[in-house]
Amino acid sequence: MADDADIGDYPAGPEVVPKHVAIIMDGNGRWAESRGQPRHAGHKAGVNSVRSTIEECVRHGVNVLTLFAFSSENWRRPKTEVSLLMELFLTALQREVKRMQSNDIQLRVIGDTTAFPEKLQARIRASEEATRNNRRLILQIAANYGGRWDVTQAARRLAEAVRDGDMEPSQIDERSLAMATALGDLPDPDLFIRTGGDLRISNFLLWHCAYTELYFTPTLWPDFDTDEFAKALTAFRSRQRRFGRTGAQLEGRH
Ligand code: IPE
Ligand code: IPE
Ligand code: MG
């Protein structure tokens, strides 16, 4: 959360593991096209990287992993690609929930899921319900998610609370707004990773990435393996997170 009291509690360092990692899993289409395959083959291959990244997060002791699976802008893609992505999401959920149970992983889907087919919505609800008491890793799948949507729906929630007399306008501050976003009381991402070579945020966690360390790699998502994840962690450890302070302050030289 971008609250002053919390900010700066969490420096990087040689041993530090990010508590929350957020990833834009990009490059599936190009991965497939470079092999003369349909784009969908890239999305399918990307599921293996999802699995290995989850395992690595569990192994390293990351608490929260947020994966961008489908953006609010991805509806603009050809209809066939959108429906194949929905299908893949549905089958992956069906298949992976058992694995999440045995690995103590809690699933949360963030985004405006009301736009999805009813069958998928039901599957999402069932998967969240089945894993809700798991504690080892919180896995958030951002689906029909947009950072602007999130801030907007949080503002609407607060406006409704004020209208209903549950809060005063003066109680709207960074903490209450953050709580009303899809992340609620989860910590902001410490490390943001984007694969696929593009250097942009593409409307991902806009509010929450205010002080996140950004890591971009040209590696395409289906090629993002455990070594690639380790490289991202190494880069994170080399960063000095100053949160507005000076380097000298952090090194105790002030
Ligand atoms: C990311 O890969 C997956 C989704 C957006 C669903 P892309 O499909 O964007 O792959 P590229 O960027 O076209 O290679
Ligand atoms: C961002 O990837 C969304 C996901 C990975 C789900 P895109 O490939 O859709 O991003 P832009 O639109 O090219 O920036
Ligand atoms: Mg892309």
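So the values come out like this:
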read-out: Candidates Pro218, Pro222 - the one that is in contact with a Gly (Cβ under 6 Å, 6 or more places away or on another chain) and surrounded by fewer than 19 Cβ atoms within 10 Å (Cβ to Cβ); value: Pro218
read-out: Scope segment 84-113; condition among the β-branched types (Val, Ile, Thr), open to solvent by less than 30 Å² (accessible area, probe 1.4 Å) and not in a strand (DSSP E or B); matching residues; value: Val97
read-out: Count - residues of segment 162-198 that are open to solvent by 80 Å² or more (accessible area, probe 1.4 Å) and within 16 Å of ligand 2 (Cβ to nearest atom); value: 0
read-out: Some residue of segment 34-50 being within 16 Å of ligand 3 (Cβ to nearest atom), at pLDDT 95 or above, over 19 Å from the mean Cα position of the chain (by Cα) and of a type in the set (Ser, Thr, Tyr); value: yes
read-out: Residue in segment 44-53 that is touching a residue at least 40 places away in the same chain (Cβ under 8 Å), on the phi > 0 side of the Ramachandran plot and touching a Ser or Thr at 6+ places or on another chain (Cβ under 6 Å) present; value: no
read-out: Filter result for Val151 (of a type in the set (A, V, I, L, M, F, W, C), more than 16 Å from ligand 2 (Cβ to nearest atom) and over 18 Å from the mean Cα position of the chain (by Cα)); value: no
read-out: Any hit, segment 60-68, residues being within 13 Å of ligand 2 (Cβ to nearest atom), in a loop (DSSP other than H, G, I, E, B) and surrounded by 20 or more Cβ atoms within 10 Å (Cβ to Cβ); value: no
read-out: Residue match in segment 227-245 (condition: over 30 Å from Ser52 (Cβ atoms) and part of a helix (DSSP H, G or I)); value: no
read-out: Tabulated pairs, segment 126-148, first open to solvent by less than 10 Å² (accessible area, probe 1.4 Å), second assigned to a strand (DSSP E or B) and among the polar types (S, T, N, Q), C-beta under 7 angstrom, 6+ apart or interchain; value: Thr131/Gln106; Leu139/Gln106; Gln140/Thr66; Ala142/Thr66; Tyr145/Ser71; Gly146/Ser71
read-out: Residue within segment 167-186 that is within 30 Å of Arg51 (Cβ to Cβ), without any contact (Cβ under 8 Å) to a residue 12 or more places away in the chain and either in contact with a Cys (Cβ under 6 Å, 6 or more places away or on another chain) or not small (Gly, Ala, Ser) (or both) present; value: no
read-out: Some residue of segment 174-181 being under 14 Å from the mean Cα position of the chain (by Cα) and within 23 Å of Ala69 (Cβ to Cβ); value: yes
read-out: Residues within segment 32-44 that are within 21 Å of Glu96 (Cβ to Cβ) and within 14 Å of ligand 2 (Cβ to nearest atom), tallied; value: 2
read-out: So Ala248, is it surrounded by 20 or more Cβ atoms within 10 Å (Cβ to Cβ) and of a type outside the set (Asp, Glu); value: no
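The values are calculated or read from the model by the stated rules, or taken from the named source; none is laboratory data. None of these values were measured; they are calculated from a predicted model. Positions of Cβ are generated from backbone atoms using ideal geometry, with glycine treated the same way; all protein chains shown enter the neighbour counts. Please note that ligands, DNA and RNA were not included when accessible areas were found on the heavy atoms of the full protein model with its side chains. Shrake-Rupley method; radii C 1.70, N 1.55, O 1.52, S 1.80 Å.
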